[in-house]
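These notes concern the structure reproduced below.
The values are calculated or read from the model by the stated rules, or taken from the named source; none is laboratory data. Not measured: the values here are computed from a predicted model. As a convention, Cβ positions derive from the backbone with ideal geometry for all residues, glycine included, and neighbour counts pool all protein chains shown. The accessibility values were calculated without ligands, DNA or RNA, using every heavy atom of the protein model including side chains. Shrake-Rupley method; radii C 1.70, N 1.55, O 1.52, S 1.80 Å.
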Amino acid sequence: MEKKQTPNVASPTFLRYALGLVYFHFGILKFFPDLSPAEMLATQTVMSMTQHWMDASTALWCLAVLECAIGLGFIFNVLPRVTFVLFIGHMIGTFMPLFVLTEFTFKFAPFAPNVEGQYIFKNIVFLAAGWTVLLPNVFPRRVPRLVSTANTDESISKPANGAPMTDKRKVPSLRLQGHSLPV
Amino acid sequence: MKPYMSKILQLLLVVAIVIGVNWSYDQYRGTGLSRVPQIGAGRLEAATPEDPSTSETEGDESSPNSENLRTEVTRKDYSVGAVENPGSVAPFIEDELMLYPTLTKGMRTPFDLWRYYGRGVSSFGSPILPMRFEQWLEFHRKQKPDLMSDVEAYMASRFDFSETPIIGEFMSGGKPIMEGPVARLPQSVSTYEELASMSPSEIKEQDLFPYKPLAHPLQSVAHMVFPDEWVKAHPEHKRIDLDMDFPSSYLPEFPPPMFLSTHKELGDVTNGREVTLDNYYEIFDGLLTPEQMEGLKELLRPSPTTWFNHTDHRITEKPSKGVACFDCHVNGHTNGAFELGPDSRPNMARLRTDTPTMRGNFNLMQLSSKRSIRSMDHFSEVEEYFDGDPGMQQAIGPRAAKREVTNRMGDMNSILDYPPAPKLNPLMRLIPELANESELRGEELFHGKAQCVKCHSGPAFVDDYMHDLRVERFYVGRPEGPIKTFPLRGIKDSPPYLHDGRCPTLHDTVEFFNLVLELNLTSQEKDDLVAYMLCL
């Protein structure tokens, strides 16, 4: 039984670890002044958003704490709702340089980013990944029931009666993705 | 896999990252790329063939493996047993200071730069902007209003610019002189006398010192900032990124009178005009030697600078011809433009310096606050318009001032005289019949209780030494080190005071020295000292 489920959940697990690793690692770097390559962009964004009320080292420290917390949330798979909120907040933050530091992120706004701009644009993949990993834990009842304890393979490949997978009435006893991770 | 196994793996992952990053940081700091110094160790430690503790045997030069290896010598550890030798040189206090923020050109910098330390990415600059020029303009169009309102708020938090003049006292050309002290006292202290009764460490601990350094408000560009009055007359020097932070009333008069040591009888030779390339010949023909005339022309001829030039790497909307010596040292005096002293790296470690006067520089043995330049000729030669950056000159053009030319500039500088001081006798003492009670008491204090004369003596009231006033005893910050004594002859004409202008009035300088020299002067005594300095 347990073995059978593995293929279906392996990918989100990998994704969860990947996210956790990147968040935690790049977060930790920010505790060490001059070590994080994203320091300038990150601190300048926070500083300009707080109207320079926060100084660079405070801004960097706050970001470090935030990113490490999100990273740990992903890695240990704990407090999914808190992680989700922090994650979404952080993601919105990462896109802010495109608006507040336009000159430093675009060769020509809005369709020709520079390296930094591209680095930020790509976070949309992060957003999608985090969303995929966390959403089932945050809104369990709204999520497509992908994994059935009863008949795993079939419920995935061929939903009963060809009904959309989101139709929860059709598949009564399901286990939630994420909660049944076998790792 | 068992659930607890996965938890253990997760934990290991986290711990590994923490250890790895920590290790990387220790390896990275102190390397050429890192802005964080390595504490207490030479940079090339890895190249040392032996552990220094094992190679105690002195003079073992025949040792074959040390022969061809040049190793970096690190200081010996003289610790005896458990008594640790702290060493004579503490590199910095990491816990108290913060690393300079990572920035690129144009980005805002902290106003309290004294709280920061570290090295720069490089000693050399480049003429490349981090963005297209149109974006550069747009960026500053957005940033400047916010920056200037923060600058204004910051200056207002430090100084009370009430613009109250001292009744009956004027600069040589007639501009009113402002009353002080204008530096604001912290809330918890009600008078300067109360503050002066505290010890330096008490003032430091409670963060009460009112004369902390002033920073250039936009250190990532830095460069010269001209006063509003100057910019009104010379709109080509209007910066897109920043304006002057001092109100005009606390700056020198513009245009200032110009006195020649060769023509005392003429008084102000300019008749109230600003000397320019257009009018200099007409004003000076028949007054100067040909050498001086040529020097004057060179002092008036603009040349491109790091940020005032014809390339995109500039802070003016239109391409700029550059800046001339007399654009800051207008009429051989100063208009109060400020700059960074081109004496240190990274830029953020450089002191903000107000333009000093050139009047009476013929008497000075030390020129510039930190570089100890020894002659006017040499100063004209080295004057680092480019922020001392040879990396820029390929794009901007060299100064092209040959030594013959800079010697001529020196010839002209050498006849710029002080303003008249009719109350002083040849020994630079007050003539009693001409001076009032307060001024005479001030002179007495200057030579006595206040000890000013120890550093301010002779015809220019300067000792031509550099002194480390150790002002960092009064606040947590990076020490500023030795700075030359500035002369006090004609001092009423060149506010604001100290190298960075942190003392906007003469009253502030007296409060400053009262604290720094721990003099405990009474408020009457302070007024007397100011009255005296107004006579010099």
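Listing for the model above:
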item	result
Over 26 Å (Cα to Cα) - which of B:K370/B:K449; B:K232/B:K318; B:K318/B:K402 fall in this group	B:K370/B:K449; B:K318/B:K402
Helix axis angle, B:290-300 relative to chain B longest principal axis, alpha carbon, degrees	60 degrees
Listed pairs B:K212/B:K423; B:K454/B:K492; B:K423/B:K526 exceeding 26 Å between Cα atoms	B:K212/B:K423
Heavy-atom SASA rank of A:I124, A:I70 (probe 1.4 Å, accessible area, largest first)	A:I124, A:I70
Range of Cα positions in region B:161-201 per principal axis (Å), largest first	42, 17, 14
For chain B: relative contact order, % (alpha-carbon pairs under 8 angstrom, 6 or more apart)	16 percent
Whole-number D in µm² s⁻¹ for chain B, Kirkwood Cα-pair radius fed into Stokes-Einstein, 4 °C, 1.567 mPa s	50 µm²/s
Nearest 10 degrees, 0 to 90: helix B:133-158 Cα axis against chain B principal axis	70 degrees
Rounded tilt (10° steps) of B:403-413 against the dominant C-alpha axis of chain B	50 degrees
Angstrom value of the Kirkwood radius, inverse mean 1/r, which spans all Cα pairs in region A:16-151	15.9 Å
Total charge dipole magnitude, region A:13-138, about the Cα centre, Cβ charges on Lys, Arg, Asp, Glu only, Debye to nearest 20	400 debye
Relative contact order of region A:13-138, pairs being alpha-carbon contacts under 8 Å that are 6 or more residues apart, as %	28 percent
Residue-averaged beta-carbon neighbours from other chains (10 angstrom radius) around B:230-240	0
Peptide B:110-123, shielding by other chains (average Cβ, 10 Å cutoff)	1
In nm, spacing of pseudo-spin labels at A:M49 and B:A153 (7 Å Cα→C-beta vector)	1.9 nm
Order by protection proxy (mean Cβ within 10 Å, highest first), peptides B:422-435, B:477-490, B:254-267, B:141-154	B:477-490, B:254-267, B:141-154, B:422-435
Projected-area mean, region B:304-373, by convex hull of Cα positions, square nanometres	5.5 nm²
Projected label distance in nm at B:E265 and B:F161, using a 7 Å step from Cα toward the beta-carbon	4.4 nm
Extension gain from B:D343 to B:T276, taking 0.36 nm per residue of separation minus the Cα-Cα distance	21.2 nm
Summed buried accessible area for B+A [probe radius 1.4 Å, Å², rounded to 100]	3000 Å²
Accessible-area composition of region B:388-536, carbon plus sulfur, in percent [1.4 Å probe]	55 percent
